[in-house]
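Notes follow once the structure below has been shown.
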Amino acid sequence: MYNTIGELTALAGVSGREEPVRNHLLARLEGLCSTSVDSLGSVIAFKKGKTAPKNKILISAHMDEVGFIITYIEENGLLRFAPVGGIDSRLAAGKALKIGDRGVPGVIGCKAVHQQSGDERDKALSFEELYIDIGASSREEAMTLVRLGDTAIFDTGFSAFGDGMLRGRALDDRAGCALLLHLLEQELEYDLTASFTVMEETGCQGAAAVANRVQPQIAIVLETTTASDIPGVSPEKQVCHLGRGPVLSFMDRGTVYDRELYQTALELARQEGIPCQSKAGVYGGNEARNFQTAACGARVLAISLPCRYIHSPACVLNRADLESTARLLKALIPKVANL
């Protein structure tokens with residue numbers, strides 16, 4: 001599972017440009033289950049189990065990541081760009097990037113601090129004030145390397161560090177994809193439909209299309225969620241903690257989750273001795289809202305990995321949380337199959 005996360009985070013997959021991730025997953029799924037790709041580019045997989053469940057179950061994770069898109073090339077060869085998905089501009093200056101299908105190296109630049117006015121130094125620079133330097137001396141030279149509409153990702157790798165910690169780009173939600181792939185590689189008690197969706201970070205368009213096509217009765221979303229268990233954050237705002245297991249949501253800004261599914265997962269974790277925690281607060285959102293409301297509607301549950309520094313060049317997960325989430329997910333399917 002950890003090798004899979006490393007492989008997936010090595011691939012570029014900004015929203016709408018998920019092809020490398022999709023191709024890798026399709027290759028891994030070959031021979032494990034039947035697969036198809038819908039018109040938006042999401043992968044839909046069906047795994048035959050020992051028994052057909054009463055409820056049609058869908059488990060989903062999104063393939064895409066936040067990143068940047070090239071919008072203009074200056075006469076001097078510097079690139080203007082816009083964020084794709086929710087990225088804090090304060091994280092951008094000085095970061096190394098890979099741009100386009102060729103992985104052209106670049107660096108996000110800005111005006112030097114000693115050249116900034118007092119007002120500029122006192123506020124975060126906006127994306128309009130930043131640019132990407134690819135070492136080109138002119139627009140003509142830059143245009144031989146990049147084009148308008150090319151996407152860019154942070155140039156950071158995946159590695160273990162500290163006491164059981166994992167760091168890397170795009171752990172939201174390549175870690176969820178790795179968990180789902182790990183599940184599909186096992187023998188299952190019940191038939192299961194899985195989806196690896198596109199464009200979650202820009203509005204969950206992929207999930208909406210998948211939901212209408214699959215029309216599940218129960219949908220489980222595998223995600224990451226912001227852990228703020230760091231200095232300077234009051235306990236009631238920390239949301240969740242690394243090392244305390246998967247995070248179950250009762251409500252976020254897009255979804256009120258099915259109460260029976262939520263309580264079933266909590267009780268199962270207690271019975272099985274699996275560390276588990278509730279998301280302490282109503283924050284964020286994910287594809288669950290699309291699965292809940294599409295077609296005839298579905299009962300939904302979100303199981304998330306606690307993640308520090310989400311949507312940054314180096315997200316941080318805890319290895320034990322991955323293992324606990326994998327255990328809970330496998331045990332949960334028989335419980336919800338015939339609710």
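Structural remarks
- Radius of gyration over Kirkwood radius for the stretch 1-61, both on Cα atoms: the Rg/Rh ratio is 1.01.
- Whole-Å semi-axes of the stretch 67-154's equivalent ellipsoid (Cα gyration tensor): 22, 15, 10
- Each Lys and Arg Cβ is given +1 and each Asp and Glu Cβ -1; about its Cα centre, the stretch 67-154 then shows a dipole of about 240 debye.
- Modelled spin labels at M251 and Y72, positioned 7 Å past Cα toward Cβ, are 4.4 nm from each other.
- Using θ = phi - 60° in the Karplus curve 6.51 cos²θ - 1.76 cosθ + 1.60, the 3J(HN,Hα) couplings for the stretch 30-38 round to 4, x, 8, 6, 7, 9, 8, 10, 7 Hz; x is entered for Gly and Pro.
- Electrostatic dipole magnitude of the stretch 203-339 [Cβ: Lys, Arg +1; Asp, Glu -1; Cα centre; debye, to 20]: 100 debye
- Assigned charges on the beta-carbon of Lys, Arg, Asp, Glu; the chain dipole about Cα centre (debye): 860 debye
- Helix-only CD estimate at 222 nm, as mean residue ellipticity for the chain, using -39500 (n - 2.57) per DSSP H run (n ≥ 4): -8000 deg cm²/dmol
- Cα centroid separation - the stretch 132-175 against the stretch 216-251, whole Å: 26 Å
- Subtracting the Cα-Cα distance of S137 and A295 from 0.36 nm times their residue separation leaves 51.6 nm of extension gain.
- Proximal charge balance of S138 [Cβ under 12 Å; K/R count +1, D/E count -1]: -3
- Neighbourhood net charge (12 Å Cβ-Cβ; Lys/Arg +1, Asp/Glu -1) for E7: +2
- Estimated FRET transfer efficiency when R0 is 25 angstrom, pair C110-I230 (beta carbons, to 0.05): 0.45
- Under 5 Å between amide hydrogens, built in the peptide plane, is the criterion, and for I73 it picks out R80 among residues at least 5 positions away or on other chains.
- Positive-end ranking of S249, T151, M63 along the dipole of the chain, with charges on Cβ about the Cα centre, is headed by S249.
- Close amide H partners of L188, meaning residues 5 or more places away or on another chain with modelled amide H under 5 Å apart, are K50.
- The stretch 94-124 versus the stretch 284-304: alpha-carbon centroid distance in Å: 37 Å
- Remark on K279: its backbone amide H falls under 5 Å from those of L248, S249, F250, a criterion applied only to residues 5 or more positions apart or on other chains, H modelled at 1.01 Å from N.
- Stretchable slack from Q263 to E129, in nm (0.36 nm times residue separation minus alpha-carbon distance): 43.5 nm
- Cβ-Cβ FRET estimate between V282 and S117, R0 fixed at 45 Å, reported to 0.05: 0.70
- Distance between the modelled labels on E30 and S89, one decimal in nanometres: 4.5 nm (7 Å Cα→Cβ projection).
- In Hz, Karplus ³J(HN,Hα) per residue of the stretch 268-279 (6.51, -1.76, 1.60; θ = phi - 60°; x = Gly, Pro): 4, 4, 5, 5, 8, x, 9, x, 7, 9, 8, 6
- Summing Lys and Arg as +1 and Asp and Glu as -1 over all other residues whose Cβ lies under 10 Å from the Cβ of S60 gives a net charge of -4.
- Given charges at Cβ of Lys, Arg, Asp, Glu: the chain dipole, positive-most of L266, Q277, G13: L266
- Between A152, A326, A302, the GNM of the chain built on Cα springs shorter than 10 angstrom shows A326 fluctuating the most.
- Extension gain, D155 back to R213 (0.36 nm per residue minus Cα-Cα distance, nm): 17.3 nm
- Approximating the spin labels as points 7 Å out from Cα along Cα→Cβ, the E189-to-D101 distance works out to 4.6 nm.
- Positive-end residue of Q217, G100, S228, charge dipole of the chain with Cβ unit charges: Q217
Coordinate-derived values only; no laboratory data. Everything numeric in this text was worked out from a predicted model, so none of it was measured. All Cβ positions, glycine included, derive from the backbone under ideal geometry; neighbour counts span all protein chains shown.
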